[in-house]
Structure formats: C-alpha cells, structure tokens
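So the structure is just underneath, and the comments pick up after that.
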Amino acid sequence: VLPPGHQYVQLDGEVVLVTGAAAGIGQSAVRLFADAGATAIIVDLDAAAAQSLADELTQSGLKAFAMPCDVSDTQRVADVVRSVISDFGAIDVLVNNAGLFSNIPLIDVEQSFWRKVMAVNLDAVFYFSQAVARESMIPRRKGVIINTASLAGLVAGPDSPPYTTAKHGAVGLTKALAVEWAPYGLRVNALCPGLTDTEMVKKGWQGKEDALAQRLARIPSGRSSTADEQAAAIVF
Ligand code: NAD
C-alpha cells in the first residue's frame with residue numbers, strides 16, 4: 001500500500017465498475033481507482049452505503065456514482081451495464097468482487113443457500129462479464145476484468161463446500177475467459193485473497209473464534225491482510 005497522495009497508476013478518463021463496492025475490499029478498490037482519476041461506478045446491494053461512499057468521494061472532487069444492484073439478478077445486471085455505458089460511454093475495467101461467504105458443513109447446507117452462494121460468487125461473474133464484454137469491451141477491443149476469487153478458489157478448507165465450489169468455478173471461468181477474449185485484446189485475471197480483515201470475516205467467523213485463531217496461526221506473518229492491501233493488487 002502506497003503512502004497517501006502517491007499514485008503509481010493514472011486512470012484519468014477510464015470507467016471502472018466495481019461490484020460489492022460499498023464495503024471491504026471493493027470499497028478500498030473504489031477509493032484507489034477514484035484517486036487515480038477513474039470514474040468509479042459503485043455497484044452494491046446496500047444502496048444507502050453505496051450512495052454515501054459516492055457522495056463522500058464526489059465531495060472530495062473525485063468521480064464516483066452509486067448503482068444499487070443485486071449481482072445475482074440477471075435483469076438488473078443487464079440494466080446497470082446498459083445504463084452505465086449510455087451515461088459514461090464505455091466500461092474499461094470490470095471488477096467482479098461481490099461475494100457471499102459460507103462457513104457451514106455441507107451436511108447442514110440448504111439447497112436454497114447453495115444456489116444463493118453460486119449465484120452471487122459465480123453466476124454474477126458470468127452475467128457481468130458477458131454483458132460488459134458484449135456491450136463495450138469486445139466492440140472497442142479494450143478492457144480489463146478482475147475477479148475477486150479467493151484462496152478457497154485454489155484449495156479447500158474445512159466447512160466451506162459451497163463457497164469453495166463457487167470460488168473454484170470463478171477461477172475456472174477467469175482462465176476460460178482470459179483465453180477466449182485475449183484475441184480481442186482483453187485481459188481477465190483473478191485475485192485470490194487469503195484471510196482479509198473485513199465484515200465478511202467478522203460475520204462469517206462469529207462464534208468460531210477458535211477456528212479463526214487456528215487459521216491465523218497458519219499464516220506465516222501471523223495476521224490477516226487488509227482490504228487496502230488487496231485493493232492495491234486489484235488496481236495494479
Ligand atoms: P464485505 O462483506 O466486507 O463486503 C462485501 C460487499 O458486497 C458488501 O458491501 C455487500 O453489501 C456487497 N454484496 C454482497 N452481496 C451482494 C450482492 N448479491 N449484490 C451486490 N452486492 C453484494 O466482503 P469482502 O471481505 O470485502 O469480500 C469481497 C470479495 O473478496 C468477496 O468476493 C469475497 O468472497 C472475497 N474474499 C474475501 C476474503 C476475506 O477474508 N475477507 C478472502 C478471500 C476472498
């Protein structure tokens with residue numbers, strides 16, 4: 001993470017859409033993108049939090065706009081993409097970052113919860129990537145997609161089969177799209193954060209503090225990463 005005011009990337013004129021952008025890693029990414037001069041589109045289920053972040057950044061002279069959206073709602077995703085392209089001309093960078101954690105054994109997982117975890121962590125990456133690539137990136141031969149997957153997209157830990165399955169899917173989709181869209185000049189990458197200090201971890205590990213402590217003990221630095229550290233990797 002660079003000191004305040006130090007910019008290692010200039011993104012003036014670029015339109016960057018980040019999902020799950022009102023909190024955690026997504027919010028940190030929006031701040032860095034806006035600081036670098038981009039127009040940041042804040043897509044989140046939490047309309048009030050998205051608007052208050054947009055207001056705060058706008059008052060600081062940066063360019064940020066809130067778009068309330070449940071990323072698992074395919075119709076709403078299509079509407080958001082069309083409306084952003086109509087208002088701002090293009091989407092240059094898409095960060096599929098919204099996520100829903102699960103931390104329960106498979107034996108206790110309801111089918112409806114399994115579907116929801118797939119919808120938010122995996123289906124939404126398909127909906128947004130297809131819409132943005134079709135409407136803006138492929139026709140313009142310009143674009144970068146970054147999917148926030150997880151360490152759970154590479155290896156399995158205890159008690160998270162739906163999340164692990166969805167995140168492995170997100171990594172697979174990232175690889176497939178990187179190959180499919182490279183001929184159009186697009187880059188598609190995934191970020192696989194380990195344990196990161198956000199609300200997701202606070203809520204997801206509530207009542208499982210011993211398991212969380214064991215998890216932390218396996219991290220060589222002895223600490224979780226910060227949202228700002230993950231966001232710096234996204235902007236890079
Ligand atoms: P967070 O809970 O701090 O923030 C998530 C944001 O996404 C919230 O603003 C929430 O309102 C929004 N959101 C949730 N469901 C949504 C939906 N259906 N539609 C639109 N917005 C929605 O989470 P975070 O820790 O910053 O996680 C961001 C991403 O990083 C997720 O994909 C998560 O799976 C991944 N990740 C997190 C960690 C971690 O330890 N925190 C580790 C690996 C990967």
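Figures for the structure shown
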| read-out | value |
| --- | --- |
| Inter-residue pairs, beta-carbon under 7 Å, first touching a residue at least 24 places away in the same chain (Cβ under 8 Å) and in segment 53-72, second in a loop (DSSP other than H, G, I, E, B), 6+ apart | LEU53/ALA22; ASP70/LEU45; VAL71/ALA98 |
| Per-region count, segment 56-87, residues in a strand (DSSP E or B) and not basic (Lys, Arg) | 5 |
| Some residue of segment 150-165 being small (Gly, Ala, Ser), in a helix (DSSP H, G or I) and within 14 Å of the ligand (Cβ to nearest atom) | yes |
| Flag if GLY99 is in a loop (DSSP other than H, G, I, E, B) and within 16 Å of the ligand (Cβ to nearest atom) | yes |
| Test: residue in segment 111-119 that is more than 14 Å from the chain's Cα centre (by Cα) and polar (S, T, N, Q) | yes |
| Selection within segment 32-65 - charged (D, E, K, R), more than 13 Å from the ligand (Cβ to nearest atom) and in contact with a strand residue (DSSP E or B) (Cβ under 9 Å, 6 or more places away or on another chain) | ASP55, GLU56, LYS63 |
| Considering residues of segment 118-149 that are charged (D, E, K, R) and part of a loop (DSSP other than H, G, I, E, B) only, the residue farthest from the ligand (Cβ to nearest atom) | ARG141 |
| Complete set of residues in segment 166-203 that are of a type in the set (D, E, K, R) and under 14 Å from the mean Cα position of the chain (by Cα) | LYS167 |
| Every pair of residues 6+ apart whose Cβ atoms lie under 6 Å, when the first sits in segment 96-125 and is open to solvent by less than 60 Å² (accessible area, probe 1.4 Å) while the second is hydroxyl-bearing (Ser, Thr, Tyr) and assigned to a loop (DSSP other than H, G, I, E, B) | SER102/SER160; ASN103/SER160; VAL117/SER102; ALA119/SER72; VAL120/SER72; ALA124/SER72 |
| Count of segment 203-236 residues which are within 12 Å of the ligand (Cβ to nearest atom), open to solvent by less than 30 Å² (accessible area, probe 1.4 Å) and in a helix (DSSP H, G or I) | 5 |
| Matching option when the condition is within 11 Å of the ligand (Cβ to nearest atom) and either open to solvent by 30 Å² or more (accessible area, probe 1.4 Å) or in contact (Cβ under 8 Å) with a residue 40 or more places away in the chain (or both), among LEU191, LEU186, LEU177, LEU173 | LEU191 |
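The values are calculated or read from the model by the stated rules, or taken from the named source; none is laboratory data. In this text the structure is predicted, and so the values were computed from the model without any measurement. Backbone-built Cβ (ideal geometry, glycine too); neighbour counts: all protein chains shown. Side chains are part of the model used for accessible areas, which takes the heavy atoms of the whole protein and leaves out ligands, DNA and RNA. Shrake-Rupley method; radii C 1.70, N 1.55, O 1.52, S 1.80 Å.
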